[in-house]
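Enquirer: Just dropping this structure here.
The values are calculated or read from the model by the stated rules, or taken from the named source; none is laboratory data. Computed from a predicted model, the values in this text were never measured in an experiment. As a convention, Cβ positions derive from the backbone with ideal geometry for all residues, glycine included, and neighbour counts pool all protein chains shown. Accessible surface areas use protein heavy atoms only, side chains included; no ligands, DNA or RNA. Shrake-Rupley method; radii C 1.70, N 1.55, O 1.52, S 1.80 Å.
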Amino acid sequence: MRRAYLHFTRFPVQRKVLELPELAGRPFALVEEVRGQRRVAFASTTALKAGVRPGMTLTAATALEPVLRHFPYRPEDEARALTVLGEALMALAPGFQLSPPEGLWLDAGAAHLVGGEEPLAVLALERCAELGYRGHAVVASEAFTSRALARHGARRVEVVPEGGGARALAPLPLAALEGGEGAAFSSLGLTTLGEVAVLPAGAVAARGGVAGARVHARCRGEDDTPFVAAVLDEVLEERVVLDFPAESFEPLRFALKTLTDRLGARLSGRRRAAVRLTFSMKLDPRGQARVPLTLARPTAQAKLLLDLARHRLEELKLENPVAEVSARVDEHSEDRGQQLALGDAPEGDAALEVVLSRLVTTLGEHSLFAAGLEAVHRPEAAHGARGFHPPERRRGLAAEGLEAGARADVAAGVGRERPSRLLAAPACLDAEVAESGRLLAARLGGKRHRVTALAGPERLGGEWWADVPYQRDYYRVHFEGLGPAWVFRDGRDGRFYLQGLFD
Amino acid sequence: MRAAVEQRGEAGATGSSGSVVEQLREKIRQLQAAPRRYLAVLRTGMEAVDALLPAGGFPLGQAVELCGEAASGRTSLALRAVAAAHHEERLCAWVDGPRELYPPAAAALGVDLERLLIVRPQAPEQRVWAAVQLARSGAFACVVLDLTRGVGSAGRTPRVSLAEARKLADAAERGGGLLLLLTSPEAPADGMTRLRTEARDGKGWSVEVVRSRQGGTGTRAELPWSVLYPELGLEDGGRVLDVAEAGADATPDFLRDQAGALRNGCGILGQRPGRDAPMPSLREGLDAAGVAG
């Protein structure tokens, strides 16, 4: 099976710099606890230049570089970040397998869809570079060949043809074996994998046992390690634990950027776009805050998500400092992408989202909506509130009118005699009624309005099966000095009510 | 695409495939040469009203005020502008202060409800702020700000201050969309193009340009109600159907007060209530008759 291995040199260091941009170019180390001692697991390039080496105690490292900053190394966080990277690459490959802490395999079986294996490797590296990671990529048939070449090879992108593993591996040093086996071979005076490969298999098996035989086979370009694709999470959720509880927005901003970058990468890898998100903040020592975020236009753009999250959270008042932030995508839809025409500004949608987010923050979520029609006979119940999710504009040929027939016509005739303004609740009219029951005048806002024209009645009734049945005779009435209004006489109490205005 | 199919049909008839490519190229050239349709005005679709406005419609990038009584056609005019923007697949917003916009009527006028954002701020002073935000964003081709007061509500209508009017005009100009203000005559907004609508009688209504920087002040158009509401039917005093009085027999029995109450508390046909209702006390009856005494 063809697979591509992506190796990110000192991945935890790269990740740390992405999360805290101020660390770029500074000496720092990621430290893990080994038998009660804090030892350097990964060091930044500047620290390496100062002589700090992985495995060194933190005390020794600080002695070498007094301004060395250190952070705890959490393998589960690195695995998490690698998974996100793998999911972001799902647009190029059908599956990925993690190889923590510095790399992952991609299933290169679908390479022909992007034009071949080399373009696949190049595209994968480009996608990683967009997310801020630098790496090497090698496509080969065996897991060991691809991994060893990516870690120890000289070229940034390499494709090893089927059966060419042994030849490609031959110049690599014994360090590429990454285990105790390398030491045994080097004590025999061997230096490269090629020299190991030419040893007689029987002799290696007799001396080195199963492990020796396996290493020998790998050096010959034979490896039967299976590809086990990582299982994708159903729920798109990301979490960042802050190093210190944050009392201002500034540290939270970096955490939010990490969260939205990861969510954006995962969404775009799955070709999905977020419709509704929830940001939850765990407070220190107790308490929790949840902020929902609903998007009018589904998006997977991390930058837009970050802008919106910032707008929503910036002015949030919390009683305790924030210890942990998480973001979850509650609802997502298919991402159809955006086709821009010449002269279109891609930030048009961003402006919409930002203004909606600002209004939601100030006015509340229920103050903004789009109306929808309901199949209800009672006039005031014939519409309902929906979420505002406007359809995309059609562009290109479709917008030029070549598909004009596809435009859905509005239901003509329905509702044409309905008033454009409808009172929230029918207002009881202070009405002057003739002996015959005909409406003569009404008093509205302290003024008497004479009826100059009257049309009707239109009888609406129903809902006798419910608790509040209605039976109304509607009249279209022209009041002098006011205009045409929609008035009904309620069958239950015989009084006139004003319901709407033909404005 | 349809054009392409037609072209292919013609090519099949003539049998020359080279000319099809040429024709398609020519078609592409025409499409590319055609000027891009930029929206500059929103037409109401009523020629008499459009002719009043110097630009031939509501101009984008400006704040226009529609001032009139409670039912004088302001809302319908605004809805037509919104429908014109929706025809070009642009978004619109309606800041609904009095909470009176009736979406079914809007849909009947051609408004695409999916593309219309309705904003109903809780506090009246947030209306102008919301409209400024919406207009300034540039994401909406038309923002309608309804500054009127609901019919039933008491108190005075708050006026838009000069500073707020300036802000609104500035937001419309910066966002490049139309900002329509719906106001009532007792509380007009200041400093912008103003159209005054008036309901004359059952026959019609009129629009008059009261204030305009591009001229045309004082011009007036009178229109029948049927252009806004074709089925209103209020001409010549209206038509009233001769129906039985509501008190007589119009209302079905089940909608009136409970029939049981009418029949002295007994069941249908006046017989004794069943097990569900308690039996009338015998003692009360005896007391009334004076038997116990």
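A quick yes/no check of all residues on (1) in contact (Cβ under 8 Å) with a residue 40 or more places away in the chain; (2) more than 13 Å from the chain's Cα centre (by Cα); (3) open to solvent by 60 Å² or more (accessible area, probe 1.4 Å):
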{"position": "A:Lys282", "(1), (2), (3)": "yes, yes, yes"}
{"position": "A:Arg286", "(1), (2), (3)": "no, yes, yes"}
{"position": "A:Val291", "(1), (2), (3)": "no, yes, no"}
{"position": "A:Ala296", "(1), (2), (3)": "yes, yes, no"}
{"position": "A:Ala300", "(1), (2), (3)": "no, no, no"}
{"position": "A:Leu306", "(1), (2), (3)": "yes, no, no"}
{"position": "A:Arg310", "(1), (2), (3)": "yes, yes, yes"}
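Enquirer: Can you name the residue in the stretch A:206-226 that is surrounded by fewer than 16 Cβ atoms within 10 Å (Cβ to Cβ) and assigned by TED's automatic domain parsing to the domain that holds A:Ser186 and is also nearest to A:Pro171 (Cα to Cα) among such residues?
Expert: A:Ala211
Enquirer: Suppose we filter A:Ala88, A:Ala79 for residues that are closer than 30 Å to A:Ala121 by Cβ, out of contact with any strand residue (DSSP E or B) (no Cβ under 9 Å at 6 or more places or on another chain) and modelled with pLDDT under 95; which single one remains?
Expert: A:Ala88
Enquirer: Picking from B:Ala199, B:Ala189, which residue would you name as being within 20 Å of B:Gly97 (Cα to Cα), surrounded by 15 or more Cβ atoms within 10 Å (Cβ to Cβ), of a type in the set (A, V, I, L, M, F, W, C) and modelled with pLDDT under 90?
Expert: On inspection, the qualifying residue turns out to be B:Ala189.
Enquirer: Look at the stretch B:28-58 and say how many of its residues are of a type in the set (D, E, K, R) and at pLDDT 80 or above.
Expert: Number of matching residues: 3.
Enquirer: What pairs can you find where one residue is in the stretch A:17-37 and outside the structural domain of A:Leu259 (by TED's automatic domain parsing), the other is of a type in the set (S, T, N, Q) and in a loop (DSSP other than H, G, I, E, B), and their Cβ atoms are less than 8 Å apart, with a gap of 6+ or different chains?
Expert: A:Val17/A:Ser44; A:Leu23/A:Ser44; A:Arg26/A:Ser44; A:Pro27/A:Ser44; A:Phe28/A:Ser44; A:Ala29/A:Ser44
Enquirer: Also: Given (1) open to solvent by 50 Å² or more (accessible area, probe 1.4 Å); (2) touching a residue at least 40 places away in the same chain (Cβ under 8 Å), identify the lone condition not met by A:Leu252.
Expert: (1)
Enquirer: Filter the stretch A:132-156 for residues that are within 28 Å of the chain's Cα centre (by Cα) and surrounded by fewer than 19 Cβ atoms within 10 Å (Cβ to Cβ); which is nearest to A:Arg220 (Cα to Cα)?
Expert: Residue satisfying both the conditions and the ranking: A:Arg134.
Enquirer: Among the residues of the stretch A:459-479, what is the count of those that are out of contact with any Gly (no Cβ under 8 Å at 6 or more places or on another chain), more than 21 Å from B:Glu100 (Cα to Cα) and at the interface with chain B (Cβ under 9 Å from one of its Cβ atoms)?
Expert: 2
Enquirer: Within the group A:Val159, A:Val122, which residue is buried (at least 16 other Cβ atoms within 10 Å of the Cβ), without any contact (Cβ under 8 Å) to a residue 40 or more places away in the chain and among the β-branched types (Val, Ile, Thr)?
Expert: Only one candidate qualifies: A:Val122.
Enquirer: Now, a different point. Given the conditions (1) part of a loop (DSSP other than H, G, I, E, B); (2) under 19 Å from the mean Cα position of the chain (by Cα), report the number of the one that B:Ala139 does not fulfil.
Expert: Every condition holds for B:Ala139 apart from (2).
Enquirer: What's the total number of residues in the stretch B:110-126 that are in contact with a Gly (Cβ under 9 Å, 6 or more places away or on another chain) and either among the acidic types (Asp, Glu) or modelled with pLDDT under 90 (or both)?
Expert: Of the residues in that region, 4 qualify.
Enquirer: Could you run through the stretch A:275-299 and say how many residues are under 23 Å from A:Lys317 (Cβ atoms), among the polar types (S, T, N, Q) and at pLDDT below 90?
Expert: Selection size over the stretch A:275-299: 1.
Enquirer: Then there's this: Would you point out which residue out of B:Val151, B:Val82 is over 15 Å from B:Gln62 (Cβ atoms), crowded, with 24+ Cβ neighbours inside 10 Å and within 19 Å of the chain's Cα centre (by Cα)?
Expert: B:Val82
Enquirer: In the set A:Ala404, A:Ala412, which member is exposed (fewer than 14 other Cβ atoms within 10 Å of the Cβ), at pLDDT below 80 and within 30 Å of A:Arg336 (Cα to Cα)?
Expert: The unique qualifying residue is A:Ala404.
Enquirer: Regarding the stretch B:124-135, can at least one residue be identified that is assigned to a loop (DSSP other than H, G, I, E, B) and surrounded by fewer than 24 Cβ atoms within 10 Å (Cβ to Cβ)?
Expert: yes
Enquirer: Related question: Pick from A:Ala398, A:Ala375: which is modelled with pLDDT under 80 and more than 8 Å from every other protein chain (Cβ to nearest Cβ)?
Expert: That would be A:Ala398, the only listed residue that is modelled with pLDDT under 80 and more than 8 Å from every other protein chain (Cβ to nearest Cβ).
Enquirer: Determine whether A:Val433 is surrounded by fewer than 21 Cβ atoms within 10 Å (Cβ to Cβ), touching a residue at least 40 places away in the same chain (Cβ under 8 Å) and more than 8 Å from every other protein chain (Cβ to nearest Cβ).
Expert: yes
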